[in-house]
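Scroll down for the structure; my scribbles are underneath it.
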Amino acid sequence: MFIYQNFKDIKKELPNDVALVAVSKTKPVADILEAYRKGHRDFGENKVQEMVNKHEQLPGDIRWHMIGHVQSNKVKYMASFVTLIHGVDKLSTLKEINKQAIKHDRVIDCLLQVRIAREETKFGLPFEQVQDLLESQELKELDHVRITGLMGMATFTDDVEQIASEFKGLQSFFQEMKSRGHDLKILSMGMSGDYKIALKHGSNMVRIGSALFGDRNYIAQD
Ligand SMILES: *Cc1c(COP(=O)(O)O)cnc(C)c1O
């Protein structure tokens, strides 16, 4: 009941063309089922093993999003069912995704993670490297991965101006890449604390956890 009300409240704020990925990391399958029974299908996890366990226990028509940083050696466990991998920032990871996708005779959709936060972070590529990767011959040869968009995380701060400028930067880069002929559709930006800002700057996929399921008791580790 509580979770369902949160879904209703947040969905009301989202334009129809914005997808909601409900981030269920650390939450029990019962919580996911509650949202599922009310019609929600897109769920996000940041650890491969946890996503695999939940996938095995839950209905087969759930669309699973891997939102965490992906290590190449874990790709094989999710390659048969993952819907979208959000956090790819290496050609070597894309090669592994391609290899595993071939085994399952499918094409796996991926987003490239762009480093937009001013704070120190290990993950995501700077704009120039994203462009280089998009335009590389190596990527063209991976015909079992499809780059369908970009993902970014803003700095964890209360400074709304800073968050807005980081999202704005990714929005204009996204437009620029599209105008260069890249067939990008998804711009995954915004979490519980900043999705309203992300929506103002062109996000069409938000990844929301705590505002839907309540606070997490512990921080999920990679
Ligand atoms: C945990 C997580 C989210 C959701 O965070 P909330 O603040 O709980 O909404 C979104 N994106 C990524 C990549 C995450 O790891």
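Shape of segment 26-66 from its Cα gyration tensor (a ≥ b ≥ c, root eigenvalues): rounded if a/c is under 1.5, otherwise prolate when a/b > b/c, or oblate?
The shape class here is prolate.
Among the lysines, which have Cα under 21 Å from the Cα of Lys140 when same-chain residues fewer than 8 positions away are ignored?
Lys90, Lys95, Lys99, Lys103, Lys178, Lys185
Given Cβ point charges of +1 (Lys, Arg) and -1 (Asp, Glu) and nothing else, what value in debye, to the nearest 20, does the dipole of the chain about its Cα centre take?
About 580 debye.
For the charge dipole of the chain, defined by +1 on Lys and Arg C-beta atoms and -1 on Asp and Glu C-beta atoms about the Cα centroid, which residue among Met153, His55, Asn217 has the Cα displaced farthest towards the positive pole?
Toward the positive end, the furthest listed residue is His55.
Simple spin-label model, 7 Å along Cα-to-Cβ: Lys99 to Asn16 in nm?
The modelled label-to-label distance comes out at 4.5 nm.
Pairs of Cα atoms under 8 Å, at least six residues apart: use those to get the relative contact order of segment 1-131, whole percent.
Relative contact order, segment 1-131: 16 percent.
With a probe of 1.4 Å, find how much accessible area the chain has per residue, and write the answer as a whole number in Å².
50 Å²
Would you mind calculating the gained length between Asp215 and Phe156 on full extension (0.36 nm times residue separation, minus the Cα-Cα distance), in nm to one decimal?
19.6 nm is the gain from fully extending Asp215 to Phe156.
Given the rule -39500 (n - 2.57) for each run of at least 4 DSSP H residues, summed and divided by the residues of the chain, what is its mean residue ellipticity at 222 nm, to the nearest 500 deg cm²/dmol?
For the chain, the value works out to -11500 deg cm²/dmol.
Run the accessible area of the chain with a 1.4 Å probe and give the carbon-and-sulfur part as a rounded percent.
About 48 percent, which is the carbon plus sulfur part of the accessible surface.
Does anything in segment 117-143 have its amide N under 14 Å from the 7 Å Cα→Cβ label point of Ser165, and if so which residues?
117-119
According to the square roots a ≥ b ≥ c of the eigenvalues of the Cα gyration tensor, what is the shape class of the chain, taking rounded for a/c under 1.5, prolate for a/b larger than b/c otherwise, and oblate for the remainder?
oblate
Remind me, relative contact order of the chain in percent, using alpha carbon pairs under 8 angstrom and six or more residues apart?
Relative contact order comes out at 21 percent.
Can you bin segment 85-207 into rounded, prolate or oblate? Criterion: square roots of the alpha carbon gyration tensor eigenvalues sorted a ≥ b ≥ c, rounded for a/c under 1.5, prolate for a/b above b/c, oblate for the rest.
The shape class here is prolate.
The values are calculated or read from the model by the stated rules, or taken from the named source; none is laboratory data. Because the structure is predicted, anything quoted here is derived from the model rather than measured. Cβ sites come from the backbone with ideal geometry, for glycine too, and all protein chains shown count toward neighbours. Side chains are part of the model used for accessible areas, which takes the heavy atoms of the whole protein and leaves out ligands, DNA and RNA. Shrake-Rupley method; radii C 1.70, N 1.55, O 1.52, S 1.80 Å.
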